[in-house]
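Asker: Okay, handing you the structure first.
The values are calculated or read from the model by the stated rules, or taken from the named source; none is laboratory data. The structure presented is a predicted model; accordingly, all values stated were derived computationally and were not measured. Cβ sites come from the backbone with ideal geometry, for glycine too, and all protein chains shown count toward neighbours. Only protein heavy atoms, including side chains, enter the accessible area calculation; ligands, DNA and RNA are left aside. Shrake-Rupley method; radii C 1.70, N 1.55, O 1.52, S 1.80 Å.
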Amino acid sequence: MNKMTRGLFIVVSAPSGAGKTSICREFLRACPQVNFSVSYTTRKPRSIEVEGKDYFFVSREEFQRRVAENAFIEWTENYGNYYGTSVKVVEETLALGNDLLLDVEPGGARNLKKSVKGGVFVFILPPSKEDLLNRLRKRGCETENDISRRLARAEEELKEVSWYDYIIFNSELATAAEQLKSIYLAEKCRRTRLAGKIKQFMKNN
Ligand code: 5GP
């Protein structure tokens with residue numbers, strides 16, 4: 001790996017229940033060289049979630065302290081909970097030439113597009129809206145009230161599709177993860193990302 005080349009960052013967004021978390025997990029298994037940006041949240045952990053791996057679970061006070069310290073490159077309030085991306089993790093990872101996957105909602109993604117150059121933005125869609133509702137129900141961790149709130153929000157988020165670079169329809173997990181990997185691999189070969197490496201190659205020949 002040529003350390004002169006800044007790392008690539010991929011931002012993945014999706015309406016709740018579109019299968020984004022599973023796709024990201026599968027992708028990270030297939031591409032272990034890619035780091036995952038672990039966000040901070042004030043949401044309570046779900047049963048399968050692991051502190052420091054899925055999220056850093058913090059109190060509202062702790063989160064607000066970090067906001068005051070400008071520790072987040074972006075942050076948002078979502079369903080009554082705060083979520084934020086560590087500026088330190090993003091900057092350090094990319095500066096070291098390492099790649100980073102971020103899972104953020106469209107508002108945060110939009111902010112990242114403005115503040116960090118060279119990101120790749122991927123939106124994951126379920127095969128249909130009916131499918132989305134079924135997936136939310138199957139999760140079994142949400143009340144009907146939560147489900148309606150998430151569906152209403154999903155309608156809003158779907159309007160953001162237009163500015164993303166890539167869209168993945170998640171009909172089947174393995175295929176969707178494979179598509180994310182293909183996007184990543186193609187972006188790694190983009191000429192404009194390899195300027196330093198090309199220059200070095202030309203010098204040595
Ligand atoms: P969940 O509670 O289901 O894990 O996540 C809810 C939403 O918060 C998802 O759309 C997820 O992408 C988003 N999210 C997770 N971490 C961050 C973050 O650091 N910043 C922003 N803006 N959104 C996040």
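Asker: To the nearest 20 debye, what charge dipole does region 3-199 have about its Cα centre, counting +1 at the Cβ of each Lys and Arg and -1 at the Cβ of each Asp and Glu?
Answerer: Rounded to the nearest 20 debye, it is 720 debye.
Asker: With n ≥ 4 as the cut-off for DSSP H runs, can you work out [θ] at 222 nm for the chain, using -39500 (n - 2.57) per run divided by the number of residues, rounded to the nearest 500? Don't skip to the answer; put the middle values down first.
Answerer: Values: 8 runs with 90 residues, N = 205.
My calculation for the chain gives -13500 deg cm²/dmol from helical runs alone.
Asker: How many percent of Cα pairs in the chain exceed 22 Å?
Answerer: Details: 10764 of 20910 pairs.
Counting every Cα pair in the chain, those more than 22 Å apart make up 51 percent.
Asker: Now a separate question. Need one number for region 1-73: average projected area of the convex hull over its C-alpha atoms, nm². Intermediate results must be reported in sequence, preceding the final value.
Answerer: Details: hull surface 26.5 nm².
With the hull built on Cα positions only, its mean projection is 6.6 nm².
Asker: In square angstrom, what is the accessible area per residue of the chain with a 1.4 angstrom probe?
Answerer: 55 Å²
Asker: Taking +1 at the Cβ of each Lys and Arg and -1 at the Cβ of each Asp and Glu, which of N35, I23, A95 sits farthest along the dipole of region 3-199 towards its positive end, judged by Cα position relative to the Cα centre?
Answerer: The one lying farthest along the dipole's positive direction is A95.
Asker: Report, ordered by chain and residue number, the lysines lying within cross-link reach of K203, taken as a straight Cα distance under 23 Å and ignoring same-chain residues fewer than 8 apart.
Answerer: List returned: K3, K188.
Asker: Among R65, R135, R150, which one shows the highest mean-square fluctuation when the chain is modelled as a Gaussian network with alpha-carbon springs under 10 Å?
Answerer: Of R65, R135, R150, the most mobile in the Gaussian network model is R65.
Asker: So, one more: Looking at the square roots a ≥ b ≥ c of the eigenvalues of the Cα gyration tensor of region 92-205, which shape do they give, rounded for a/c under 1.5, prolate if a/b is larger than b/c, or oblate?
Answerer: prolate
Asker: Sort region 77-139 into rounded, prolate or oblate with this rule: let a ≥ b ≥ c be the square roots of the eigenvalues of the Cα gyration tensor; rounded if a/c is under 1.5, and if a/c is not under 1.5, prolate when a/b is larger than b/c, oblate otherwise.
Answerer: Values: a/c = 2.51, a/b = 1.94, b/c = 1.29.
Prolate, because a/c is 1.5 or more and a/b exceeds b/c.
Asker: Could I ask something else about it? Using a 10 angstrom cutoff on alpha carbons, build the Gaussian network for the chain and name the most mobile of R153, R66, R139.
Answerer: R139
Asker: Leaving out ligands, DNA and RNA, and with a 1.4 Å probe, what % of the accessible surface on the chain is carbon or sulfur? Please report the intermediate quantities before stating the final value.
Answerer: Values: 5980 of 11280 Å².
Summing carbon and sulfur atoms, their accessible area is 53 percent of the total for the chain.
Asker: Taking a ≥ b ≥ c as the square roots of the eigenvalues of the Cα gyration tensor of region 153-205, is the shape rounded (a/c under 1.5), prolate (a/b larger than b/c) or oblate? Display every interim value, and only then the final one.
Answerer: Numbers: a/c = 6.44, a/b = 2.23, b/c = 2.89.
It comes out oblate by the Cα gyration axes.
Asker: While we're looking at this one, here's another question. So which of K53/K114; K53/K88; K20/K181; K114/K197; K117/K159; K20/K138 end up more than 18 Å apart by C-alpha?
Answerer: On the way: K53/K114 27 Å; K53/K88 16 Å; K20/K181 14 Å; K114/K197 26 Å; K117/K159 23 Å; K20/K138 15 Å.
Over 18 Å apart, Cα to Cα: K53/K114; K114/K197; K117/K159.
Asker: So what is the relative contact order of the chain, in percent, for Cα pairs below 8 Å that sit 6 or more residues apart?
Answerer: RCO, the chain: 33 percent.
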